[in-house]
Amino acid sequence: MTASVLLWDFGDTLVDERWMLRSPSSCPEWPNIWADVMRVHADDWNVGRITEGEIFAALSEESRLSLTEVERHVQHCCDTITFNPIAWNLATSRRLPQAVVTVNPDMFGTRIIGAHRLHDVFDAVVVSADEGTDDKVTLCEIALHRLGFIGDRSDALLIDNRQDLVEAWRRNGGAGYRYQGDSVLAADVDRLLS
């Protein structure tokens, strides 16, 4: 495989996607509350039909934390994301033009991109909430356009932890690699980028 451009998934590929499940000391039941609110609202939030303000209000109501406490905790969680070291080191080495292609809400733009200087690492950051779709193939196509990529789509490598999304990209002519942890990625890097 000879990739000319990398399309990186974010959650459970570049980072541990459980970053919002840490509890504030005043609300040990936070993970369950977060999961309940996401069960109801995540689909709409991820495509921009609702905003973080509406989510924070729902979290506040469910948790009995004030809006200020909810926002402070969310910001703390977003500031302290755990990056998968091998994947992150590969991304920060910037060996090829690359983009983040992620299904995430508006919070990704307001609280994660800047806090982790993603624009310093990636040539484009494509977020589903900004684009109004959670279709990964469409998001990858948007990323290729923003990267100015005019090569063969088979040279555009999506790195994603979800096999169904990797397969969808492959069915549409792209190259795909299922991220299965840093140790597997470390063993596969030379094959992927040679």
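The values are calculated or read from the model by the stated rules, or taken from the named source; none is laboratory data. Worth saying up front: this structure is predicted, and the values here are computed from it rather than measured. No Cβ is skipped: glycine too gets one built from the backbone with ideal geometry, and neighbour counts run over all protein chains shown.
Filter segment 148-166 for residues that are in a strand (DSSP E or B) and of a type in the set (Asp, Glu) and give the result. So that I can check it myself, show each step before the final result.
At the first step, the residues of segment 148-166 found to be in a strand (DSSP E or B) are 156-160.
Passing the criteria: only ASP160.
State whether one or more residues within segment 111-126 are touching a Cys at 6+ places or on another chain (Cβ under 9 Å), in a helix (DSSP H, G or I), within 27 Å of HIS41 (Cβ to Cβ) and of a type outside the set (S, T, N, Q). Please lay out each step first, then the result.
Taking segment 111-126 as the starting set, the residues that turn out to be touching a Cys at 6+ places or on another chain (Cβ under 9 Å) are 111-112, 115-116, 126.
From what is left, the residues that are in a helix (DSSP H, G or I) are 111-112.
Within this subset, residues satisfying the condition of being within 27 Å of HIS41 (Cβ to Cβ) are 111-112.
Subset that is of a type outside the set (S, T, N, Q): 111-112.
Checked segment 111-126: at least one residue is touching a Cys at 6+ places or on another chain (Cβ under 9 Å), in a helix (DSSP H, G or I), within 27 Å of HIS41 (Cβ to Cβ) and of a type outside the set (S, T, N, Q).
Of everything in segment 116-130 that's in contact (Cβ under 8 Å) with a residue 40 or more places away in the chain and more than 18 Å from THR13 (Cα to Cα), which residue is surrounded by the fewest Cβ atoms within 10 Å (Cβ to Cβ)? Let's see the steps before the verdict.
Taking segment 116-130 as the starting set, the residues that turn out to be in contact (Cβ under 8 Å) with a residue 40 or more places away in the chain are 122, 128-130.
In the following step, the residues that additionally are more than 18 Å from THR13 (Cα to Cα) were identified as 129-130.
Working: ALA129: 24, ASP130: 17.
That would be ASP130.
Mind listing whichever residues of segment 140-165 are in contact with a helix residue (DSSP H, G or I) (Cβ under 9 Å, 6 or more places away or on another chain) and buried (at least 21 other Cβ atoms within 10 Å of the Cβ)? Those that are in contact with a helix residue (DSSP H, G or I) (Cβ under 9 Å, 6 or more places away or on another chain) and buried (at least 21 other Cβ atoms within 10 Å of the Cβ): CYS140, LEU144, ALA156, LEU157, LEU158, ILE159, ASP160, LEU165.
Residues in segment 166-176 that are closer than 18 Å to LEU193 by Cα, touching a helix residue (DSSP H, G or I) at 6+ places or on another chain (Cβ under 8 Å) and either of a type in the set (A, V, I, L, M) or at pLDDT below 95 (or both): 1 in all.
Per-residue answers, yes or no, for (1) small (Gly, Ala, Ser); (2) surrounded by fewer than 20 Cβ atoms within 10 Å (Cβ to Cβ):
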residue: ALA58; (1), (2): yes, yes
residue: ARG64; (1), (2): no, yes
residue: GLU69; (1), (2): no, yes
residue: THR80; (1), (2): no, yes
residue: ILE86; (1), (2): no, yes
residue: ASN89; (1), (2): no, yes
residue: THR92; (1), (2): no, yes
residue: VAL101; (1), (2): no, no
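Taken over segment 53-95, the criterion of being within 15 Å of ASP182 (Cβ to Cβ) and among the aromatic types (Phe, Trp, Tyr) is satisfied by PHE83, TRP88. Screening VAL121 against (1) in contact with a helix residue (DSSP H, G or I) (Cβ under 7 Å, 6 or more places away or on another chain); (2) under 28 Å from PHE56 (Cα atoms) leaves a single unmet condition, (2). TRP34 falls short on exactly one of the conditions (1) loosely packed, with under 13 Cβ neighbours inside 10 Å; (2) over 16 Å from the mean Cα position of the chain (by Cα), and that condition is (1).
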